[in-house]
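Inspection log for the structure reproduced underneath, given as structure tokens.
Where a number appears in this text, it was derived from the coordinates with a stated rule and is not lab data. Values in this document were obtained by computation on a predicted structure and should not be read as measured data. Glycine gets a Cβ as well: all are built from the backbone with ideal geometry, and neighbour counts include every protein chain shown.
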Amino acid sequence: MSDTPNQTRKASDLLVECLEAEGVEYIFGVPGEENLDLLESLADSSIKLVLTRHEQGAGFMAATYGRHTGKAGVCLATLGPGATNLVTAMAYGQLGGMPMLAITGQKPIKHSKQGRFQILDVVDMMGPLTKFTHQLASGDNIPSRVREAFRLAEEEKPGAVHLELPEDIATEETDSRPIPASQARRPSAEAKAVRQAVEAIEAAKAPVLVVAAGANRRMTCKMLREFVEKTGIPFVTTQMGKGVLDERHPLFLGCAALSSGDFCHRAIEDADLVINVGHDVIEKPPFFMTDAFEGDARGQTDKVVHISNTTAEVDPVYFPQIEVIGDIANAIWQIKEAVTPQETWDFTRMLEYRQAEHAHSTPLEEDERFPIFPPHLVWQVRRAMPEDGIICLDNGIYKIWFARNYTAYRPNTVLLDNALASMGAGLPSAMMSAMLYPDRRVMAICGDGGFMMNSQELETAVRLGLNLTVLILRDDAYGMIRWKQKNMGFEDYGLKFGNPDFVEYAASYGAHGHRVTSSEHLADVLAQAGEGGGVHVIDCPVDYSENDRILNHEIKELSAAL
């Protein structure tokens, strides 16, 4: 791309220059004829085009790039069906707080000769799914629209944005130049709000820290570690807050993977103050507030301090009394510097719940039945993964087991979606992780239903030369919905299916296939896949028959009895 001032060139060239100025490394997608000018411009750029086998996979990869880096990942599709295939991935990034940009093509908007063939109002369609959507109707306006798109995608709360580039606009001549990003800092929390929070924490008898999705940012992790070390206040995470703090810490009380009634929920209920950091309404609430703040604490919490970039969205179960609004890391630092740990704090009861959870989980982890029992599966995977290894979960009943039982050591080493909770994201998410971190072990963990929704991306993974393990948990059914079906008293109907031979299926793409035949064999296969290069696909039968007994009854009855 030329840097000569005032030199005219195609608008598609300018668009690529603007993307380069934003630091874009990759564009993931499936181009169509409406993208051909942009494709030609990309060929002469520093940006690598990653051709996927479905637009949804491209979108999931772009969102995961944003999740890891904080910079907007970029995906590309044509008009009509190409754009509609991005919808699920855009919603995934938008709800999950993952910065991403989708660029779609369109027929000429000035002199169209094809009627309405393939034409949808994509800009209008993307409106409810994004923070920003815009049709580029002039080459001269590209720099400002691209800069605005990236600004909105990356600022809190991060999310999805969309630009549409019509064919005739892509070929326009323009002498506009990219607009450089401005240096912006998020505002700090007001001193009075910080002081109110400190006073509430010091006055509490048993405060607890809840780490949620919005706290999963680099500097916030550091400040929260320092806060916990200074105060000694125990902490709980939500599913998308996993890994923000090292879960081997003796003050970790568990992950709120169930809706209520788990050991960690009881620990929160025992608190008289919840310090709720990065709360996001897209996640199931880790606790429920009521309008009664006296008497028995079970089922309610007395007071909540909301610490986030934005004010709390009030609903019937969440209406915090104190809000500390501003940069989260800075707010935690201010509170940490000002607070004095109190000798009157008593966390005994909370920690007893955590001990009880360990006592309950350990025998389950040692259950070596075959097909594999979910708690034992989680234990085996944790043993197989290095400290910096990354697991990327698709969506299914196993996600609850991993959220509860898998110990996360570092931020963004457990990628799960507790927002849109879409099936089909596990494999593309792991592919992106493997691209970004080629020296770390990455494992996609998918149910057989979710895996088959984007299994064609195995070809992309092999073509890219990725080192990746894909663990398929096979129960030959949509297991999560079968569990819900049973819970609600319905007959077992309509949710079973057949599967291909996953070992041969993997081989057909040039990947390595493995079939687990026993609990002991699983450990050997996980080790073999981790040591060998390339893409390894593991067919692992699982036994979900006791989900209802353990998750719906045993855990809740044991925790309630304490």
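Worth pointing out:
- Extreme residue, positive dipole direction of the chain, given options 544, 46, 178 (C-beta unit charges): 178
- Take the Kirkwood radius over Cα pairs of region 366-552, plug it into Stokes-Einstein at 20 °C and 1.002 mPa s, and you get 130 µm²/s for translational diffusion.
- Over region 191-347, equivalent-ellipsoid semi-axes from the Cα gyration tensor in Å: 20, 17, 16
- Total charge dipole magnitude, the chain, about the Cα centre, Cβ charges on Lys, Arg, Asp, Glu only, Debye to nearest 20: 400 debye
- The long axis of helix 55-69 is offset from the longest Cα principal axis of the chain by roughly 60 degrees.
- Ellipsoid equivalent to region 241-284 - semi-axes via the Cα gyration tensor, in Å: 16, 15, 12
- Of 265, 68, the sequence from fewest to most neighbouring Cβ atoms within 10 angstrom is 68, 265.
- Inter-label distance, nm, simple model (7 Å from Cα along the C-beta direction), residue 459/residue 121: 3.6 nm
- Vicinal HN-Hα couplings computed from phi for region 491-502 (Karplus, 6.51 cos²θ - 1.76 cosθ + 1.60; Hz; Gly/Pro x): 5, 6, 8, x, 10, 9, 8, x, 10, x, 6, 5
- Contour excess over end-to-end distance, with Cα ends at residue 248 and residue 272 and 0.36 nm allotted per residue: 6.2 nm
- Helix-derived mean residue ellipticity, 222 nm - over the chain, DSSP H n ≥ 4, -39500 (n - 2.57), to 500: -11000 deg cm²/dmol
- For q = 0.17, 0.19 Å⁻¹, Debye-computed log10 I/I(0) when each Cα of region 4-111 counts as one equal scatterer: -0.76, -0.93
- Nearest-ten-degree value, helix 426-436 long axis tilted from longest Cα axis of the chain: 70 degrees
- What the Cβ-Cβ distance of residue 290 and residue 490 gives, at R0 = 30 Å and to the nearest 0.05, is a FRET efficiency of 0.45.
- Here the 3J(HN,Hα) profile of region 307-316, calculated from phi with Karplus coefficients 6.51, -1.76 and 1.60 at θ = phi - 60°, is 10, 7, 6, 10, 5, 6, 7, 7, 9, x Hz, Gly and Pro shown as x.
- Counting only Cβ charges, +1 for Lys and Arg and -1 for Asp and Glu, the dipole size of region 191-347 around its Cα centre is about 560 debye.
- Residues 343, 368, arranged from fewest to most other Cβ atoms within 10 angstrom of their Cβ, appear as 343, 368.
- Antiparallel DSSP beta bridges within region 9-174, percent to nearest 5: 10 percent
- Linear extension gain, residue 311 paired with residue 352, 0.36 nm per residue minus alpha-carbon span: 11.4 nm
- Mean-position separation - Cα centroids, region 181-230 and region 457-493, in angstrom: 37 Å
- Stokes-Einstein diffusion coefficient of the chain, Kirkwood radius over Cα pairs, 4 °C, 1.567 mPa s, in µm²/s: 52 µm²/s
- Stretch gain in nm, segment residue 362-residue 155, where the contour uses 0.36 nm per residue and the Cα spacing is subtracted: 70.3 nm
- Among beta bridges from DSSP that stay inside the chain, the antiparallel ones total about 5%.
- Here region 191-347 carries DSSP beta bridges of which approximately 5% are antiparallel, counting only pairs with both residues inside.
- Dipole axis of the chain (+1 Lys, Arg; -1 Asp, Glu on Cβ), positive-most option in 7, 555, 103: 7
- For the listed residue pairs 284/556; 131/496; 157/242; 131/230; 107/131; 48/284, the alpha carbons are over 29 angstrom apart in 131/496; 131/230; 48/284.
- Each of 28, 497, 150 was scored by other Cβ atoms within 10 Å of its Cβ. Listed from fewest to most, they are 497, 150, 28.
- Using R0 = 22 Å, the C-beta based FRET efficiency linking residue 8 and residue 181 works out to 0.35.
- Against the main long axis of the alpha-carbon atoms of the chain, helix 519-531 sits at an angle near 40°.
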